[in-house]
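Remarks on the structure that follows.
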Amino acid sequence: MLLQSSHSSPSALMDLPVTSARLLDGKALAEQILTTLQREVAEKMATGLPAPGLATILVGHDPASHIYVRNKRRACEKVGMTNIHHELDKAYGQTALLRLIAQLNADPSVHGILVQLPLPKGCDYDENEILAAIDPNKDADGFHPFNQGALMQGRKAPVPCTPKGIMRLLDECGLQLKGLHAVVVGRSNIVGKPVALLLLERHLTVTICHSRTRDLAAEVGRADIVVAAVGVPELVRGAWIKKGAVVLDVGINRNTEGKLVGDVEFHAAAARASWITPVPGGVGPMTIAMLLQNTFEAYNR
Ligand code: NAD
């Protein structure tokens, strides 16, 4: 981890004189996780077992989705997992996609299946039906309704990758999380809601904010932990952050100058926070590491 701070101990979170946040370096942590996975995969294969396999399905030509899938496939290669990739025209169709998923469900060399979202608009794809068609045991993204239900009930099941990565980053701060107040900005099924459930599971008090929240600044200002998952460049202003809070920025946005920025005004927030994730290099790389971890866990099951 890259450290930049005036703190002596991260455990007494709220009363410390903060001059500059410690950077939660997701890129470095993800690298460590991938290196460990690489060793564990090699150990399995040395016993004569086949390599773990992740199937990736990419439909259409969305440039961002192409970059995300390319990075996931590269990480697969790095750790020695097999990648079975299907790149499909946007007109491929719901029925054909369901048939492909059924084939992958039945294929013993496939341990994890990922359908890159969003599916192309205007082509009658039903994302919910597609996600529900994936064998819950091979659900590398943790989006199957069965697994989402398990998360709600606090049962063990594949956990969505971004929320899982956020919790792993939070653990790096070494804080006593119990009883702290977390504010999650964004209520999507893939980030906001599942991360709120994971925080609840760890005994935090959780507030979920969204586009209709009346006074976002006031809500964020009460947070010991802020998770921003909105998709609006620098929506969360640095001045809103309570001194000593931990800030986890999920957003990946281009600002008006074309620069990659998060949902949080980084420099101003870093001047008040105790820990903060950068964009890029924070939550993003952790999402990929958790995808491969989910695949490896499915392989071990
Ligand atoms: P989404 O569009 O599904 O949901 C956005 C949420 O933000 C909604 O719940 C909405 O109510 C809320 N919102 C919108 N405007 C708001 C406002 N003004 N104030 C408060 N809340 C507001 O988005 P998502 O899929 O959860 O993604 C959010 C961001 O995270 C995007 O930038 C996305 O690219 C990024 N993302 C990053 C990763 C990663 O690995 N780093 C993974 C998934 C998503």
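The values are calculated or read from the model by the stated rules, or taken from the named source; none is laboratory data. If you're wondering where the values come from, they're calculated on a predicted model, not measured in any experiment. Cβ placement follows ideal geometry from the backbone for every residue including glycine, while neighbour counts extend to all protein chains displayed. Quick note on the areas: whole protein, heavy atoms, side chains included, nothing else; ligands and nucleic acids left out. Shrake-Rupley method; radii C 1.70, N 1.55, O 1.52, S 1.80 Å.
Treating the angle as unsigned and between 0 and 90°, give the value, to the nearest 10°, between the Cα long axis of helix 94-106 and the longest Cα principal axis of the chain.
The helix 94-106 is inclined about 80 degrees to the chain.
Take the residue pairs 78/121; 72/121; 156/193; 27/164 and return only those whose Cα atoms are more than 21 Å apart.
From 78/121; 72/121; 156/193; 27/164, over 21 Å: 78/121; 72/121.
Calculate how many DSSP beta bridges within the stretch 160-284 are antiparallel, expressed in % of all such bridges and rounded to the nearest 5.
Taking every DSSP beta bridge with both residues in the stretch 160-284, the antiparallel ones total about 10 percent.
Give, rounded to the nearest 20 debye, the magnitude of the charge dipole that the chain has about its Cα centre when Lys and Arg contribute +1 at Cβ and Asp and Glu contribute -1 at Cβ.
440
Of all accessible surface on the chain at a 1.4 Å probe, what whole percent is carbon and sulfur?
Within the chain, the accessible surface is 53 percent carbon and sulfur.
Under a Cβ-only charge scheme (Lys and Arg +1, Asp and Glu -1), can you give me the dipole magnitude of the stretch 160-284 about the Cα centre, in debye to the nearest 20?
220
7 Å from Cα along Cα→Cβ at both residue 78 and residue 27: what's the point-to-point distance in nm?
The two pseudo-label positions are separated by 1.1 nm.
Quick check on the chain: of the DSSP beta bridges with both residues there, what percent are antiparallel, nearest 5%?
5
Once you have the Cα-Cα distance between residue 146 and residue 300, take 0.36 nm times their residue separation minus that, and quote the gain in nm to one decimal.
Difference between extended and current length: 53.5 nm.
Determine the per residue accessible area of the chain with all protein chains present and a 1.4 angstrom probe, expressed in square angstrom.
47
Taking only Cα atoms and a 10 Å spring cutoff, compute GNM fluctuations for the chain and point out the largest among 121, 243, 27.
Among 121, 243, 27, the largest mean-square fluctuation in the Gaussian network model of the chain belongs to 121.
Tell me whether the chain comes out rounded, prolate or oblate; compute the Cα gyration tensor, take square roots of the eigenvalues as a ≥ b ≥ c, and use a/c under 1.5 as the rounded threshold.
prolate
Arranged from highest to lowest average of other beta-carbon atoms within 10 Å per residue, in what order do the peptides 59-69, 139-149 appear?
Ranking, from highest mean packing down: 139-149, 59-69.
Angle, helix 161-172 long axis vs. longest principal axis of the chain, Cα atoms, 0 to 90°, nearest 10?
Between helix and principal axis, roughly 40 degrees.
Projecting each Cα onto the charge dipole of the stretch 193-264 (Lys/Arg +1, Asp/Glu -1 at the beta carbon, about the Cα centre), which of 232, 252, 216 comes out farthest on the positive side?
In the stretch 193-264, that residue is 216.
Suppose the chain between residue 153 and residue 243 were pulled fully straight at 0.36 nm per residue; how much longer would it get relative to their current alpha carbon spacing?
Taking residue 153 through residue 243 to full extension adds about 29.1 nm, to one decimal.
How high is the FRET efficiency between residue 39 and residue 127 when r is their beta carbon distance and R₀ equals 41 Å, given to the nearest 0.05?
Calculated value: 0.70.
Measuring from centroid to centroid over Cα atoms, what is the spacing of the stretch 144-196 and the stretch 88-123 in Å?
Using only Cα atoms to place each centre, the spacing works out to 26 Å.
Shape of the stretch 160-284 from its Cα gyration tensor (a ≥ b ≥ c, root eigenvalues): rounded if a/c is under 1.5, otherwise prolate when a/b > b/c, or oblate?
Judged from the Cα gyration tensor, the stretch 160-284 comes out rounded (a/c under 1.5).
Given labels modelled 7 Å from the Cα in the Cβ direction, how far is it in nm from residue 66 to residue 211?
2.8
Calculate the spin-label point distance for residue 259 paired with residue 201, positioning each point 7 Å from the Cα along the beta-carbon direction, and give it in nanometres.
In this crude label model, residue 201 to residue 259 measures out at 3.6 nm.
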